[in-house]
1. Please report the carbon-and-sulfur percent of the accessible area for the chain; probe 1.4 Å, protein heavy atoms only, DNA, RNA and ligands left out.
2. Too long at a 24 Å Cα-Cα cut-off: which of Lys57/Lys110; Lys2/Lys185; Lys56/Lys105; Lys2/Lys105?
3. Below 8 Å between Cα atoms, with a sequence gap of 6+, how large is the relative contact order for the chain in percent?
4. What three numbers, in Å, describe the spread of the alpha carbons of the chain along their principal axes, ordered from the longest?
5. On average, how much accessible surface per residue is there in segment 133-197, in Å², for a 1.4 Å probe, leaving out ligands, DNA and RNA?
6. Let me spell out the model: positive unit charges on the Cβ of Lys and Arg, negative unit charges on the Cβ of Asp and Glu, origin at the Cα centre of segment 1-127. What dipole size does that give, in debye rounded to 20?
7. Counting only DSSP beta bridges with both residues in the chain, tell me the antiparallel percent, nearest 5.
8. Could you rank Arg80, Arg99 by how accessible they are, 1.4 Å probe, largest area first?
Amino acid sequence: MKPFIAPSILAADFANIQSEVEMLNSSEADYIHVDIMDGIFVPNISFGIPVTEAIKKHAQKPLDVHLMIQNPDQYLEAFRNAGAAVISVHYEACTHLHRTLQAIKQLGAKAGVAINPHTPVELLVDVLEDIDVVIIMSVNPGFGGQKFIENTYSKVKRLDSMILEKGTETLIEIDGGVNLENAPKLLSAGADILVAGSFVFSAPDPVQTIGELKSITMV
């Protein structure tokens, strides 16, 4: 089974955002990954609801919106209305995670949970049935272009075992430092969705690079 590819628009040329989205439309990408940062939960500010709406206006791929923000509950409806097909919140930012997941589903979006590199996957065991996608951060959230954290493979394997044991259809998404070298190992460990930012948008031919990621097989 081929992986799902979700290029991160955070690495795109913001001065030409429409043409960048149209390029992704013409590629083998499955999602457009939209990183929302508030400068509080993570040490960076990206963009918010108006830019998400602008991306959606031109996008033919579903928007995979990753909320790296505090108090995500108060923005769920706004991002759903802006065009999010998947809304992922951070485990570390949610006091009542189960309630948040239910709220996302009630809005008609798929519910995702992201976990930082220091957060064990085992903390999700009691809500796994309510999660459509788990984003394992393979870098520290907040900035693009960081080095891939090797411990990610172990976390993916453990989460994959949990999903098999629970019998859920939860997908595993990897965000940070994904490239053609580590992608086969990630797929072998159990990953389903690969987020790629600077690796795609800095490539001489982003469409070709997306196609190469899409054609990756397990090792």
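1. The value for the chain is 50 percent carbon and sulfur by accessible area.
2. Over 24 Å apart, Cα to Cα: Lys2/Lys105.
3. 23
4. Between the extreme Cα coordinates on each principal axis of the chain lie 42, 42, 29 Å.
5. Heavy-atom SASA per residue in segment 133-197 reads 41 Å².
6. With Lys and Arg at +1 and Asp and Glu at -1, about 320 debye.
7. Of all bridge pairs located within the chain, approximately 5 percent are antiparallel.
8. Arg99, Arg80
The values are calculated or read from the model by the stated rules, or taken from the named source; none is laboratory data. This structure is a prediction, so every number in the text was calculated from the model and none was measured. Virtual Cβ from ideal backbone geometry, glycine too; neighbours counted across all protein chains shown. To get the accessible areas, we keep the full protein, side chains included, count just its heavy atoms, and leave off ligands, DNA and RNA. Shrake-Rupley method; radii C 1.70, N 1.55, O 1.52, S 1.80 Å.
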